[in-house]
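The values are calculated or read from the model by the stated rules, or taken from the named source; none is laboratory data. The structure displayed is predicted, hence computed values, not measured ones. Cβ placement follows ideal geometry from the backbone for every residue including glycine, while neighbour counts extend to all protein chains displayed. Surface accessibility is based on the protein's heavy atoms, side chains included, excluding ligands, DNA and RNA. Shrake-Rupley method; radii C 1.70, N 1.55, O 1.52, S 1.80 Å.
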Amino acid sequence: MRISAPAPTAPPDAIATTRQRLKAGRDALRAAYAQDANAGRFLQGHRRLVDGILASLWRDASLPPGSALVAVGGYGRGELYPHSDVDLLVLLPGAPDASGRRAVEVFVGRLWDVGLQIGHSVRTVSECTEEAAKDITIQTTLLEARLLGGSRATFDGLEHAVRSGLDVQRFFKAKRLEQEQRHEKFQDTPYSLEPNLKESPGGLRDLQVILWVSRAADLGRDWVALARRGLITTAEARQLKRHADLLRNARIRLHLLAGRREDRILFDHQDALARAFDVRPSGTKRPSEALMQRYYRTAKAVTQLNTILLQNLGAAIFPAADVRPEIINERFQSARELLDARDPDVFEREPAAVLECFRLMQDHSELKGMTAVTLRALWRAQRRVDASFRHDPANRARFLEFLQQPRGVVHELRRMNQYGILGRYLPAFGRIVGQMQHDLYHVYTVDQHILQVVRNLRRFTMMEHAHEYPLCSRLIADFDRPWALYVAAIFHDIAKGRGGDHSRLGRIDALHFCRAHDVAEEDAALVAFLVEHHLTMSAVAQKRDLADPAVIAEFARIVCSERRLVALYLLTVADIRGTSPSVWNAWKGKLLEDLLRGTRRLLRGDGVGFEQDVQAKQAEALRLLRLYALSDQVGDALWRELDLAYFLRHEPQEIAWQTRHLHYRVTPVAPVVKARLSPIGEGFQVMIYCRDQPELFARICGYFGQTGYNIVDAKIHTTKHGYALDTFLVLAAPGAPGHRETISLIEHELAERLARQSPLPPPVRGRISRELKHFPVTPEVHIRPDEKGPYYVLSVTAGDRPGLLYAIARVLSEYRISLHTAKIVTLGERAEDVFVVTGDALASERTMLQLENDLVAVLQ
């Protein structure tokens, strides 16, 4: 039974006095915490303060006899953070009558009146047990129930009922599954740049899960009790307490800094949190970066200890039959589907067994992990992976063999990283573990991004994932020695944070690795090429005109061979996909695919296109038009007004679509606007055909900006008879209307706006994102002559925001700059746009400089 908060019912003076008591008590706790930073003292003190106020209010309440006030959840276990809800259960002896319900309403109302932020429920004992049987979360909160006031007998009845209804084995399975689902929500990594220190892997919740299970199984209520039981060592108990203290201190300080409940370590708070922890700059690291590395080390340790403890708790809760382990070799055996070191000192005695255990995990698919004894021994053996270990030819051969296996590469790389082995074997990798990336589009630390890229490459090889990127799956299936791609992925960002060009520095590291591991010269050269050029294909595809044969030819000279081209394409797709779920879109995929196909044709000696390509496109467009019962002469009138550049830049299906709508109105008076679902599967393609007019591009950008659409590509073309034939690819904002309604709306509203030709409104400064506030992008504008004819290339880099493109277009229209193509690239919160332009203003250096200054001004 939920009770809504009614209007105040207690005497105003009593409410004010209690409210002041609560405020004064909290102020005193904050002041004491600022002096001693003792998390346990603060949380217990806050709990005692609220306990006293609740006890006082309960005594004054007129609830039915036999009722009890019970603390549950986090408040029940005695941890009350500054802005956490006070979780309460009003426990009734039976279903209340009208006066009982009114008494509960009055009591709950007083709790709100005095300033307590409560989360409450009103139930009988039988209702509690019914709900607990259906919901593991409710069962968990009731496990931590604590009597605050009222009937001890009723409370004891609740405890007895909860305990009687508790199936420990079922509870263990449910909590483990709940944890797996929670981890999956955070991509199974604690290394997000803005982690949730309560819910993320390695956060407070992972510690609570252990204690919930051990409490349910009567195996202990704290780390010391678990150590006495032999479930963890005394040293591990001390570690757990130390890690819990750091996480609790971080959560307390986050609440105090934010002035509300906040469990995410957002960029907004990282600098202030570092100051609160008195973290100093370290080398090239800012205080916030040093703090986050400390957090990541803590989260890593918590996940390790969580794995060990849940394994040991599971063994205690599910006693196994006396089954003899299956011997794998003289060093390892399989015990309960886990890899087990036959001697815990095996890694100390034979360090080579460190890499061997990961190879065995690959070879034995029936193994689901490693035993707690083995994991502990592996963690202790980190120091044995030293220079002599790294120089041992047998270890080098085994590591390379590990990367060449058909299964288990990503899982075991992650396990190596988790237990500190990967960073010891590859010291350059060890230096980027937990390293932040402040570039507005990576959402993981450098090491986790690298492992995500390896994971993406591996997914291309698996049949069950072939539907995700069919082209990538086909390409990698025919690619000899794909392990070279995994080596390149490991090294592509390994030099970040050193200063200088990380691609060139990483190439040096990659070459050193290949030579040390006796990688064949051809494969070593490929790895070095991929690391050095891992950003090249993305830059060319997104910023250059792919309809220009010279662009394709220049890129072909860089890659030199089809094997390198395919490898670079696969690494580029995996890399972009590994930065952030929001960075990749179908348009970027199409650009990369177009560059791949065009370059492949050239490398095979088929040419890039030119006249033959145009003729092929026209023939395919006519074939498509015949499907609409249109003759082969239907496009003659329109096509006579189009030049070679139009046919080079447009696909056959685009040519057919535009011809179908324009062949009967080649010289319309009113603007023609047609929209359709984009052929690439995301967003809309919009065609605008009208007499060329000043400020046309600005008007179009203004419309899309105001309606919440993002322009990702623009093909600007002027016909021989003075008409603008422009094609835009736009992505819809989240929550936009359905496709049919949107298409009709765009066609009607945009045509009407272009027909009016009203003065351009001033640009509206859109709201910038949180990320940009903390990591602003310094605007850059560059104008340089194109290599061909009268064109200039305008490059713009700035922090993205609503209305940005309109602001740029408005300045260009003021200088009477004509636009020919536009490449709109958004990387997270960073906009990198490239325009091909012409105009008399560009002939004067002075005017060009003024144009650059005006553009920088609107980008600020």
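Considering only the stretch 799-814, state which residues are in contact with a Lys or Arg (Cβ under 9 Å, 6 or more places away or on another chain), in a helix (DSSP H, G or I) and closer than 18 Å to Thr778 by Cβ.
Matches in the stretch 799-814: Ala807 only.
Can you name the residue in the stretch 242-289 that is among the β-branched types (Val, Ile, Thr) and in contact (Cβ under 8 Å) with a residue 24 or more places away in the chain and, of all such residues, is surrounded by the fewest Cβ atoms within 10 Å (Cβ to Cβ)?
Thr284
Which is of a type in the set (D, E, K, R), at pLDDT 95 or above and surrounded by 17 or more Cβ atoms within 10 Å (Cβ to Cβ), of Glu532, Glu521, Glu562?
Answer to the selection: Glu532.
Residues to consider are Glu199, Glu236, Glu194; find the one that is in a helix (DSSP H, G or I), in contact (Cβ under 8 Å) with a residue 12 or more places away in the chain, open to solvent by 10 Å² or more (accessible area, probe 1.4 Å) and in contact with a helix residue (DSSP H, G or I) (Cβ under 8 Å, 6 or more places away or on another chain).
Result of the check over Glu199, Glu236, Glu194: Glu236.
Of everything in the stretch 794-817 that's of a type in the set (Ser, Thr, Tyr) and touching a residue at least 40 places away in the same chain (Cβ under 8 Å), which residue is nearest to Lys590 (Cα to Cα)?
So the residue we want is Ser795.
Against the definition (assigned to a helix (DSSP H, G or I) and either touching a residue at least 40 places away in the same chain (Cβ under 8 Å) or of a type in the set (S, T, N, Q) (or both)), how does Ser538 come out, yes or no?
yes
Among the listed residues Gly220, Gly230, which satisfies the condition of being open to solvent by 20 Å² or more (accessible area, probe 1.4 Å) and either touching a residue at least 40 places away in the same chain (Cβ under 8 Å) or part of a loop (DSSP other than H, G, I, E, B) (or both)?
None of the others qualify; the one that does is Gly230.
Of a type outside the set (Lys, Arg), in contact (Cβ under 8 Å) with a residue 24 or more places away in the chain and within 19 Å of Gly598 (Cβ to Cβ) - does that describe any residue in the stretch 522-534?
Looking through the stretch 522-534, at least one residue is of a type outside the set (Lys, Arg), in contact (Cβ under 8 Å) with a residue 24 or more places away in the chain and within 19 Å of Gly598 (Cβ to Cβ).
Is it the case that Gly369 is open to solvent by less than 10 Å² (accessible area, probe 1.4 Å), out of contact with any Pro (no Cβ under 9 Å at 6 or more places or on another chain), farther than 16 Å from Phe513 by Cβ and of a type outside the set (A, V, I, L, M, F, W, C)?
The answer is yes for Gly369.
What residue, among those in the stretch 574-586 that are assigned to a helix (DSSP H, G or I) and farther than 22 Å from Asn710 by Cα, is least open to solvent (accessible area, probe 1.4 Å)?
Checked the stretch 574-586; the qualifying residue least open to solvent (accessible area, probe 1.4 Å) is Ala574.
Could you identify the single residue in Leu177, Leu142 that is open to solvent by less than 50 Å² (accessible area, probe 1.4 Å) and either of a type in the set (A, V, I, L, M, F, W, C) or closer than 27 Å to Ser67 by Cα (or both)?
Going through Leu177, Leu142 in turn, just one is open to solvent by less than 50 Å² (accessible area, probe 1.4 Å) and either of a type in the set (A, V, I, L, M, F, W, C) or closer than 27 Å to Ser67 by Cα (or both): Leu142.
Which of (1) surrounded by fewer than 16 Cβ atoms within 10 Å (Cβ to Cβ); (2) part of a helix (DSSP H, G or I) does Leu400 not meet, given it meets every other one?
For Leu400, the failing item is (1).
Here are Ile688, Ile700: which of them is in contact with a Pro (Cβ under 7 Å, 6 or more places away or on another chain), within 22 Å of Pro759 (Cβ to Cβ) and buried (at least 21 other Cβ atoms within 10 Å of the Cβ)?
Exactly one residue qualifies, and that residue is Ile688.
Within the stretch 827-860, count every residue that is farther than 22 Å from Pro802 by Cα and in a loop (DSSP other than H, G, I, E, B).
Qualifying residue count for the region: 2.
Suppose we keep only residues that are surrounded by fewer than 17 Cβ atoms within 10 Å (Cβ to Cβ) and in a helix (DSSP H, G or I) within the stretch 162-171. Which one would you say is nearest to the chain's Cα centre (by Cα)?
Ranking the qualifying residues of the stretch 162-171, first place goes to Arg170.
Could you list all residues from the stretch 625-642 that are touching a residue at least 12 places away in the same chain (Cβ under 8 Å) and open to solvent by 60 Å² or more (accessible area, probe 1.4 Å)?
Result: Tyr628, Arg640.
Which pairs have Cβ atoms under 6 Å, sit 6 or more apart or on different chains, and link a residue in the stretch 415-430 that is at positive phi to one that is part of a helix (DSSP H, G or I)?
Gly420/Gln382
Sort through Arg205, Arg248, Arg242 and tell me the only one that's modelled with pLDDT of 95 or more, under 23 Å from the mean Cα position of the chain (by Cα) and among the charged types (D, E, K, R).
Arg205
Looking only at the stretch 762-785, count every residue that is open to solvent by less than 80 Å² (accessible area, probe 1.4 Å) and at pLDDT 85 or above and tell me the total.
3
Every residue in the stretch 77-87 that is in contact (Cβ under 8 Å) with a residue 60 or more places away in the chain and open to solvent by less than 30 Å² (accessible area, probe 1.4 Å), please.
The answer is Gly78, Tyr81, Pro82, Ser84.
Test of understanding: among Asp800, Asp833, Asp840, which residue is of a type in the set (Asp, Glu), over 33 Å from the mean Cα position of the chain (by Cα) and at negative phi?
Asp840
Is at least one residue of the stretch 94-104 closer than 30 Å to Asn249 by Cβ, in contact (Cβ under 8 Å) with a residue 40 or more places away in the chain and surrounded by fewer than 19 Cβ atoms within 10 Å (Cβ to Cβ)?
no
Of everything in the stretch 297-330 that's of a type outside the set (Ser, Thr, Tyr) and touching an Asp or Glu at 6+ places or on another chain (Cβ under 7 Å), which residue is surrounded by the fewest Cβ atoms within 10 Å (Cβ to Cβ)?
Among residues in the stretch 297-330 that are of a type outside the set (Ser, Thr, Tyr) and touching an Asp or Glu at 6+ places or on another chain (Cβ under 7 Å), the one surrounded by the fewest Cβ atoms within 10 Å (Cβ to Cβ) is Pro325.
Being at pLDDT 90 or above and polar (S, T, N, Q) is the filter here; which residues of the stretch 419-457 pass it?
Result: Gln448, Gln452, Asn456.
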